[in-house]
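Have a look at the structure below before the remarks.
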Amino acid sequence: MTRALGISRLTFALAFALVALVLALPHLQAPMHWLFPEVERPVYERASFVELVASHLALVLASSAAATLVGVSAGIFATRQSGAEFAPLINAIAAIGQTFPPVAVLAISVPLLGYGGPPTLVALAVYAALPITENTIAGLTSVSRDAKDAAEGLGFSRLRLLADVELPLALPIILTGIRIAVIINIGTATIGSTIGALTLGSPIIEGLSASNPAYVLEGAAVVALLAILIDRLFEDGVHWARRRSGTLTSDAHAVA
Amino acid sequence: MIELENVVKRYGTRAAVDGMTFSIEARTLCAFVGPSGCGKSTTLRLINALIRPDDGMIRIDGRDISAMKPETLRRGIGYVIQSIGLFPHWNVADNIATVPRLLHWPKSRIERRIDELLHLLRLDPGEFRAKFPHQLSGGQQQRVGVARALAADPNIVLMDEPFGALDPPTRDALQGEIRRIQAQTKKTIVFVTHDMDEALRLGDRVAVMESGKLVQFATPAEILAKPANEFVRQFVGGADMSIRVLAVARVAERMTRGGTAEGEPIRDSASLKEALTSMMTSRREALPVTDEKGGRVGVIRLADLARL
């Protein structure tokens, strides 16, 4: 696929489609009315979709950033000599934690943190940290023993070994973990609207409670498009990381 | 000079290295040889502090290595391993530049050094600089591995079964390169092998090890002529030993000064094996011998080869 700045054309097309949809929605009264004739107000107007997307993305980005920081640190710690003792425990928490549905995590955070944006953010961050931790451990343990042996023998300090060899080689797997976390977060953030956060879930929740399928469709369409776009961005990112880590063969270096 | 003094390394109750004492002269090629589990790799890794001894002392040029920062010590010692261990995310040039970068060499000096080393290992810089490890054959990868070990011009290079994973022709070629590079750069090279032929062929001195102990430390010729015990005799090849002598001993050691013979001459630095091959292919029982200047210095006869 043709790429500019490492971003594929498909990704550009999706980004364009999302922007177009968000900007066009307020002007789609007529077609939505035709689709849902029984609904009095077929376009969600309590907040603009630009605002909803911005707020939704802010929640997802902030929680994912926090989760990345926590998850990658935990993964690094578990794979160090000093943290080796805790590795099985950290691994178990990461694996078992992911069997909880994300909605349950959200439900638990309400009695602890109340309603609105902050509890949603914390719940998303906690849940997202799990796959990131798991993949960081998997990525770091997958780094070839030979490369680490050679690096040690050539006089790398522990920090240089981590920064120059281990993390770059583990990056594709770590990125995959972050990707899973972000995609789950985009979906789960919509449920944040049930506890009062402003997200793309707001029209969905309101549509469900007020029997307005038009709202549900609008919210769901934008969320879906957003999720696909972000997923594509990660696809491009993982491709770039694998090319850099030398794990992608074939055409890779003709492009680089 | 590398000195080991009563060095001991235990794993549990088993002593992997059991009171090893010997010195490796500077600017020589020394081979550690023995069956697996004899402690040869452990001894090698003790020298660059990848393993810490439980007892005894290791000195490099008179300095106790336990008093040095391991990273600093290792940056001054080249290191080559059997699995090569090139960094897959770096190209050939970056791999070779590893230690100079750790030592903060200026960029221009590093670039010059990369080309110099690629030439030394007979890899064309134009073709190979930008290639990634997975684009190279095993032999090319190990050439880059050796270049990386030599990059910061260390006095000592340690090689842990450097040719073990290569096919025989590639291995022969690289063995030749190592001899040539050693002669050219005057490094102290210590290499581990389980292959006695390789040890005898490359080593100025050979350390034969068994169960963590040094059984014999001598020149290849001495080991063949006077194996220290039955273990060494067996390891050197038992009945095949006299054949191996042919590969190690030089024409100069067996020839008769003066006299003449017919046909194509042979250099006095050639091995007896080469002399025998030449006799057999040309159906002669004697060859004229020449020195480095091409002057005839004597004769080597078939009977000289068989004399023990």
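Taking a ≥ b ≥ c as the square roots of the Cα gyration tensor eigenvalues, with a/c under 1.5 meaning rounded and otherwise prolate when a/b beats b/c, else oblate, which class fits region A:89-138?
prolate
Ignoring ligands, DNA and RNA, what percent of the 1.4 Å accessible area of region A:47-255 is carbon and sulfur? Kindly include the intermediate steps, with their values, before the conclusion.
Details: 6250 of 8880 Å².
The computed percentage sits at 70.
Whole number in Å², please: accessible area per residue of the protein assembly as shown, 1.4 Å probe, ligands, DNA and RNA not counted.
So the protein assembly as shown comes to 47 Å² accessible per residue, rounded to a whole number.
Roughly speaking, to the nearest percent, how much of chain B's 1.4 Å accessible area is carbon and sulfur? Kindly include the intermediate steps, with their values, before the conclusion.
On the way: 6800 of 13940 Å².
Carbon and sulfur atoms account for 49 percent of the accessible area of chain B.
Assuming a strict under-19 Å limit between Cα atoms, what lysine pair count do you get for the protein assembly as shown once near-sequence pairs (fewer than 8 apart, same chain) are dropped?
5
Are there trypsin sites (Lys or Arg not before Pro) in region A:1-102 that DSSP marks as loop and that have at most 16 other Cβ atoms within 10 Å, and which are they?
Here the sparse-neighbourhood loop sites are A:Arg46, A:Arg80.
At 37 °C and a viscosity of 0.692 mPa s, what translational diffusion coefficient does Stokes-Einstein give for chain A, taking Rh as the Kirkwood radius over Cα pairs? Give it in µm²/s as a whole number.
Rounded to a whole number, D works out at 162 µm²/s.
How crowded by other chains is B:128-140, given as the mean number of beta carbons from other chains within 10 Å of each beta carbon? The partial results should precede the final answer.
Values: counts 0, 0, 2, 1, 7, 2, 6, 4, 0, 0, 0, 0, 0.
The shielding value for this peptide is 2.
Could you size up the charge dipole of region A:47-255 around its Cα centre, putting +1 on the beta carbon of Lys and Arg and -1 on that of Asp and Glu, and report it in debye to the nearest 20?
Around 320 debye, computed over region A:47-255.
Comparing A:Leu52, A:Leu35, A:Leu18, which has the greatest mean-square fluctuation in the GNM of chain A with Cα pairs linked when under 10 Å apart?
Result for chain A, Cα springs under 10 Å: A:Leu35 fluctuates most.
Buried accessible area between B and A (1.4 Å probe, both chains summed, ligands and nucleic acids excluded), in Å² to the nearest 100?
Values: alone 14900 and 13350 Å², together 26300 Å².
So the total buried area for this chain pair works out to about 1900 Å².
For A:Leu200, what is the net charge nearby, where nearby means another residue's Cβ is under 12 Å from its Cβ and Lys, Arg count +1, Asp, Glu -1?
Net local charge, A:Leu200 excluded: -3.
For the pair A:Ala54 and A:Trp34, what calculated FRET efficiency results from E = 1/(1 + (r/R0)^6), where r is the Cβ-Cβ distance and R0 = 25 Å, to the nearest 0.05?
Taking R0 as 25 Å, the efficiency between A:Trp34 and A:Ala54 is 0.30.
Per residue and in Å³, how big is the convex hull formed by the alpha-carbon atoms of region B:27-146?
On the way: hull volume 17.7 nm³, N = 120.
Convex hull of Cα atoms, per residue: 147 Å³.
Under the rule a/c < 1.5 gives rounded, and otherwise a/b versus b/c splits prolate from oblate, where does chain B land using the Cα gyration tensor? Each step should come with its number before you reach the end.
Numbers: a/c = 2.20, a/b = 1.34, b/c = 1.64.
In terms of gyration-tensor shape, oblate.
Determine, for each peptide in B:266-273, A:189-196, the mean count of other beta carbons within 10 angstrom over its residues, then list the peptides with the highest first.
Peptide ranking by packing, descending: A:189-196, B:266-273.
Calculate the mean, over all residues of peptide B:63-70, of how many other protein chain Cβ atoms lie within 10 angstrom of the residue's Cβ.
Partner-chain Cβ atoms within 10 Å, mean over residues of B:63-70: 1.
Taking only Cα atoms, what is the 0 to 90° angle, nearest 10, from helix A:102-113's long axis to the longest principal axis of chain A?
Helix A:102-113 sits roughly 80 degrees off the main axis of chain A.
Round to the nearest 0.05 the FRET efficiency obtained for B:Leu302 and B:Arg180 when R0 = 41 Å and r is the Cβ-Cβ distance. Intermediate values should be presented prior to the final figure.
Details: r = 31 Å, r/R0 = 0.76.
Approximately 0.85, to the nearest 0.05.
Compute a Gaussian network model of chain A, connecting alpha carbons closer than 10 Å, and tell me which residue from A:Thr11, A:Thr199, A:Thr133 fluctuates the most.
A:Thr11
Using the Kirkwood radius over C-alpha pairs as Rh, can you work out the diffusion coefficient of region B:1-68 via Stokes-Einstein at 25 °C, viscosity 0.890 mPa s, in µm² per second?
Answer from the Stokes-Einstein relation: 201 µm²/s.
Counting Lys and Arg as +1 and Asp and Glu as -1, what is the net charge of the other residues whose Cβ lies under 13 Å from the Cβ of A:Met32?
On the way: positive: A:Arg41; negative: A:Glu38, A:Glu40, A:Glu45, A:Glu218.
Once all neighbours under 13 Å are counted, the net charge is -3.
Whole Å is fine, so just give me how far the alpha carbon centre of region B:238-308 lies from that of region A:170-226.
Between the Cα centres of region B:238-308 and region A:170-226 lies a distance of 86 Å.
Running a GNM on chain A with Cα contacts under 10 Å, which residue among A:Ile108, A:Ile228, A:Ile76 ends up with the highest mean-square fluctuation?
A:Ile108
Report the label-to-label distance for A:Arg145 and B:Lys213 in nanometres (one decimal), using points 7 Å from each Cα along the Cα→Cβ vector.
3.0
First select every other residue whose beta carbon is under 14 angstrom from the beta carbon of A:Ile90; then total the charges, Lys and Arg +1, Asp and Glu -1.
Net of charged neighbours comes to -1.
Between B:Gln234 and A:Thr99, how high is the FRET efficiency from 1/(1 + (r/R0)^6) when r is the Cβ-Cβ distance and R₀ = 56 Å? Nearest 0.05.
It comes out at approximately 0.40.
So what's the projected area for the protein assembly as shown, the Cα convex hull averaged over all directions, in nm²?
Taking the Cα atoms of the protein assembly as shown, their convex hull projects to 35.7 nm² on average.
Kindly identify region B:160-303 as rounded, prolate or oblate by the Cα gyration tensor criterion: order the square roots of the eigenvalues as a ≥ b ≥ c, call it rounded if a/c is under 1.5, otherwise compare a/b with b/c, prolate if a/b is larger, else oblate.
Working: a/c = 2.13, a/b = 1.62, b/c = 1.31.
Prolate shape, in that a/c is at least 1.5 and a/b is the bigger ratio.
Tell me the angle of helix A:117-142 to the major Cα principal axis of chain A, expressed in degrees between 0 and 90 and rounded to the nearest ten.
30
Do you know which residues of region A:134-162 lose at least 10 square angstrom of accessible area in the protein assembly compared with their chain on its own, with a 1.4 angstrom probe?
With the partner chains in place, region A:134-162 has these residues losing at least 10 Å²: A:Asp146, A:Ala147, A:Asp149, A:Ala150, A:Glu152, A:Gly153, A:Leu154, A:Gly155, A:Phe156, A:Ser157, A:Arg160.
Mind checking the mean number of beta-carbon atoms from other chains within 10 Å of the Cβ atoms in B:72-79?
The shielding value for this peptide is 3.
The values are calculated or read from the model by the stated rules, or taken from the named source; none is laboratory data. Since the model is a prediction, treat every value here as computed from it, not as a measurement. For neighbour counting, all protein chains shown are included, and Cβ atoms are generated from backbone atoms with ideal geometry for every residue, glycine included. The protein model used for the area step is the full one, side chains on, heavy atoms only, and it has no ligands, DNA or RNA in it. Shrake-Rupley method; radii C 1.70, N 1.55, O 1.52, S 1.80 Å.
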